[in-house]
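Written below as structure tokens is the structure these notes are about.
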Amino acid sequence: MMRTGGILKLAALVSVFLLGVFLAFELLEINMDFSLENMFATKPARHKCGLSKLCPEGHFSFKMASGAASVVGPKICLEDNILMSGVKNNVGRGMNFALVNGKTGELIKTEFFDLWAGDVNDVIKFLKTVEEGTVVMVATFDDAATKLNDEAKTMISELGSSSIGSLGFRDNWIFVGGKGIKTKSPFEQHIKNNAETNKYEGWPEVLEMEGCIPQRKD
């Protein structure tokens with residue numbers, strides 16, 4: 001009888017132990033996404049600005065996003081440095097510009113221009129100060145087209161933009177070009193404000209773009 005009782009007690013203890021282990025693993029899975037796959041998986045390397053890939057030597061890593069409706073401002077990151085964002089309090093309605101030294105990657109200047117209620121001549125004066133070899137990064141927020149004129153569009157087109165001529169009211173647009181560029185930039189995205197396809201009631205979805213900007217050598 002004692003022997004049978006001992007076996008039953010041992011079986012009960014083993015059952016309680018296994019149940020405890022099972023519950024522990026369940027809790028770990030819920031709270032930490034714990035699994036054998038995660039235990040042995042190699043954590044992906046983090047690249048500058050959170051890029052999905054490593055940029056080759058002689059290139060600057062960048063990632064940027066347009067504004068979200070009229071609520072969240074745009075964000076521009078270069079070489080793991082946030083150049084413009086709502087947190088830095090240096091973005092605003094209209095066009096947001098970050099000028100970068102094409103050789104060193106150092107930030108030269110940031111500026112934003114209200115192209116709904118502001119003066120487009122301020123944009124033109126600003127663009128005239130951009131020196132040869134400067135990387136020009138631009139992101140829109142809310143509306144950036146109402147006050148645009150042909151002169152401003154031509155100057156931005158000369159920086160390598162293909163879409164500036166068709167930028168309309170509340171379109172989202174992000175662009176990386178350069179003063180003295182000889183071809184159209186591959187770094188540009190544009191989405192039209194369309195009531196039938198807008199993600200937000202009066203604004204299109206946020207645009208995001210990442211890539212590797214070739215470092216200027218001369």
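Throughout, read-outs are computed from the coordinates displayed, never taken from laboratory work. Just so it is clear, the structure is predicted and the values come from calculations on it, not from any experiment. All Cβ positions, glycine included, derive from the backbone under ideal geometry; neighbour counts span all protein chains shown.
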Global geometry of segment 54-105, whether rounded, prolate or oblate, following the gyration tensor of its Cα atoms and the 1.5 cut on a/c: prolate
Once amide hydrogens are built 1.01 Å from N within the peptide plane, the residues lying 5 or more places from D80 or on another chain with amide H under 5 Å from its amide H are C49
Pairs over 29 Å Cα to Cα, from K125/K199; K147/K179; K192/K217; K75/K125; K53/K147; K103/K199, come to K125/K199; K192/K217; K53/K147; K103/K199
Express in whole angstrom the spacing between the alpha-carbon centres of segment 44-119 and segment 153-218. 13 Å
Using the Cα centre of segment 53-120 as the reference point, and only Cβ charges (+1 on K/R, -1 on D/E), how large is the resulting charge dipole? Debye, rounded to the nearest 20. 160 debye
